[in-house]
Amino acid sequence: MITAAIQRIDRAARHLAPFLTSVLLVMFSALPVYLPGYGQVAVDVGLMTVFYWAIYRPDLFPAICAFLLGIWQDILVGSPIGLHALILILANWAIMSQRTFFQGKSFAVIWWCFSLVALAASLLSWIIVCVLNEILISPAAVFCQAALTVGAFPFMAWLLARAQHAIIRPLDV
Amino acid sequence: MKHRAASIAKVTGPIRALLNRFALLFLIIAAFAIMLLGKADTLIVERARSSVVDGVAPFMDALSRPIATVSEGVDRMSRFFAVYEENAQLLEQNARLLEWQSAALALAAENSTFRNMLKFVPERGVSFASARVIGDSGGVFVRSVLINGGKVDGIHKGDAVVNGDGLIGRVAEVGLRSGRVLLLSDLNSRIPVVEEKSRIRAILAGDNSQSPKLIFLLPGARLEVGDRIVTSGHGGVFPSGLPVGRISSIGERGIRVQPFTDFYRLEHVRIITEFPGQVAGQIVPSAARPPLQK
């Protein structure tokens with residue numbers, strides 16, 4: 001009886017792992033790093049994690065997780081609240097709807113798709129912020145951030161794959 | 001039994017799919033609604049934000065310490081290699097500063113005699129709170145930092161934030177033990193400033209670039225590259241005379257000011273919680289201030 005309960009808790013915790021790792025990684029990304037100019041083009045960790053989980057474990061990362069992660073990111077980073085929430089839901093939805101396309105594709109293809117998603121996300125968030133503030137912001141930093149995020153994706157994917165193997169894999173056997 | 005379960009699934013399946021589709025729509029609408037709420041009623045959003053940040057501030061504080069130590073170590077190492085050049089520079093600067101010191105001492109003496117002659121009543125002092133930077137703005141659209149000081153430390157919304165180099169920005173949101181500082185380069189930052197010598201007034205407006213620009217200048221105002229810009233104190237939100245930066249370029253992109261502070265190096269900051277003419281975060285109109293003792 002007790003072991004069954006423990007097993008159930010263990011299972012639930014493992015199911016929550018994708019969301020919790022994303023929450024932690026977004027928090028880490030908000031820490032000060034003391035690199036000149038980095039704070040302005042810091043990689044978008046939220047987008048990377050949402051993309052990864054939507055491809056590899058869509059069952060454990062529903063749209064509501066993307067929404068909550070976005071709100072969390074907006075609160076920590078100080079961006080207009082709701083901005084990342086919207087971007088992440090749309091990214092999550094875009095990948096979910098193309099799920100069959102991603103099955104069995106090589107990492108290079110997935111990386112290429114990520115770069116498209118990152119570009120679209122940057123463009124959309126740039127438009128939204130410009131409209132919200134009624135001002136034209138220079139798009140240079142926005143696209144610089146997109147490029148950095150695309151560059152950092154393989155590392156993040158490797159990190160998340162390790163987490164997936166360590167925490168979630170036992171669920172499948 | 002099996003047959004029945006299958007037929008139930010046949011009915012609930014499409015409904016569930018429909019719900020899922022609407023959930024997405026609902027979440028998208030919710031995101032838009034929150035965005036509009038944040039734009040229209042900033043108070044609610046601010047309060048929610050600062051209470052969440054209050055909760056995570058201790059963790060971020062603890063996590064940011066090792067990073068700060070590593071960065072300090074790297075900084076120290078890189079300075080070690082420049083020690084010879086730096087020493088020569090400092091010797092030269094020291095000689096120059098000694099000259100300034102004697103000039104300042106003479107002026108201070110002169111000033112105090114003038115004050116005596118005028119029976120000048122000194123204004124009340126300035127009080128500070130200190131805080132550590134625990135979060136960077138990891139974004140393209142905002143220039144702000146999180147600090148580990150809040151209402152319990154006497155910090156109010158709108159307070160000026162400085163470090164040894166000069167003005168950094170103002171407190172935009174404040175929780176109990178944490179706060180968010182809007183840097184002067186943020187596109188929502190507007191600070192009344194004045195050119196130190198000519199006393200030409202302007203507003204320093206951030207636009208998310210490294211060097212904010214001067215706006216609302218009187219036509220015909222003559223400014224030059226290298227002029228020092230300080231806060232003017234107009235509006236009473238900031239004390240006057242806080243060093244802000246130097247004019248770095250005058251051209252088609254407007255008059256740009258290079259702030260004295262390196263925003264990426266912020267580790268400890270000071271928040272001016274009280275200064276003459278202002279009581280407990282409230283701007284007091286001069287008529288309502290307690291009369292000065294004669």
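The values are calculated or read from the model by the stated rules, or taken from the named source; none is laboratory data. In this text the structure is predicted, and so the values were computed from the model without any measurement. Backbone-built Cβ (ideal geometry, glycine too); neighbour counts: all protein chains shown. Protein only, heavy atoms only, side chains kept; ligands, DNA and RNA dropped before computing areas. Shrake-Rupley method; radii C 1.70, N 1.55, O 1.52, S 1.80 Å.
Quick notes on this structure:
- Heavy-atom accessible area ranking, 1.4 Å probe, most first, across B:Leu91, A:Leu119, B:Leu184: B:Leu91, A:Leu119, B:Leu184
- A crude spin-label estimate for the pair A:Asn133 and B:Ser249, with each label 7 Å from Cα along the Cβ direction, gives 1.9 nm.
- Loop-resident sites, region B:190-239, for GluC sites (Glu not before Pro), counting at most 11 other Cβ within 10 Å (DSSP): B:Glu224
- Kirkwood-type hydrodynamic radius, region B:197-277: 13.8 Å, calculated from all non-identical alpha-carbon pairs.
- Choice from B:Gly38, B:Gly158, B:Gly251 with maximal GNM fluctuation in chain B (Cα, 10 Å cutoff): B:Gly251
- Too-long pairs where the Cα-Cα distance tops 29 Å, listed order kept, from B:Lys119/B:Lys157; B:Lys119/B:Lys197; B:Lys39/B:Lys197; B:Lys39/B:Lys157; B:Lys151/B:Lys213: B:Lys119/B:Lys157; B:Lys39/B:Lys197; B:Lys151/B:Lys213
- Take B:Asp153: with every protein chain present and a 1.4 Å probe, its accessible area is about 70 Å².
- Here B:Val152 and B:Lys10 are evaluated by their C-beta separation; at R0 = 51 Å the FRET efficiency comes out at 0.30.
- nm² value of the averaged projected area, convex hull over the Cα atoms of the protein assembly as shown: 31.7 nm²
- Share of carbon and sulfur in the accessible heavy-atom surface of region B:63-118 [1.4 Å probe, %]: 64 percent
- Entry note, region A:2-172: relative contact order of 28 percent, from Cα contacts under 8 Å with a spacing of 6+ residues.
- Chain A: angle of helix A:140-163 to the longest principal axis, Cα-based, in degrees nearest 10: 10 degrees
- Kyte-Doolittle mean at least 0.5 and Cα axial length at least 30 Å: DSSP H helices in chain B: B:2-40
- Each label was represented as a point 7 Å from its Cα along the Cα-to-Cβ direction; for B:Gln101 and B:Arg222 these points are 3.6 nm apart.
- Principal axis dimensions, chain A - Cα atoms, whole angstrom, descending: 61, 33, 29
- Solvent-accessible area buried by B and A, counting both chains, probe 1.4 angstrom, square angstrom: 4000 Å²
- Between B:Ile250, B:Ile67, B:Ile168, the residue with the greatest mean-square fluctuation in the GNM of chain B (Cα pairs under 10 Å linked by springs) is B:Ile67.
- With N as its number of residues, region B:72-133 has a Cα radius of gyration that, divided by 2.2 N^0.38 Å, comes to 1.89.
- Where A:His165, A:His15 fall by accessible area, highest first, once all protein chains stay in place (1.4 Å): A:His165, A:His15
- With Cα atoms, 0 to 90° folded angle of helix A:45-56 axis to chain A main axis: 40 degrees
- Computed over chain B, Cα set: Rg, Dmax in Å: 26.1, 104
- Both numbers refer to the Cα atoms of region B:127-278; Rg and Dmax are 14.8, 47 Å.
- Model label sites at B:Arg65 and A:Gln103, defined 7 Å from Cα along the beta-carbon direction, differ in position by 5.1 nm.
- Computed from Cα positions, the angle between helix A:63-77 and the longest principal axis of chain A comes to roughly 50 degrees.
- GNM flexibility winner over chain B from B:Ala160, B:Ala88, B:Ala202 (Cα, springs under 10 Å): B:Ala88
- Our summary gives region B:153-237 a relative contact order of 22 percent, counting only alpha carbon pairs under 8 angstrom and 6 or more residues apart.
- A 1.4 Å probe over all protein chains sorts A:Tyr38, A:Tyr56 by accessible area into A:Tyr56, A:Tyr38, starting with the largest.
- Average Cα contact separation per residue, region B:127-278, under 8 Å, 6 or more apart, as relative contact order %: 25 percent
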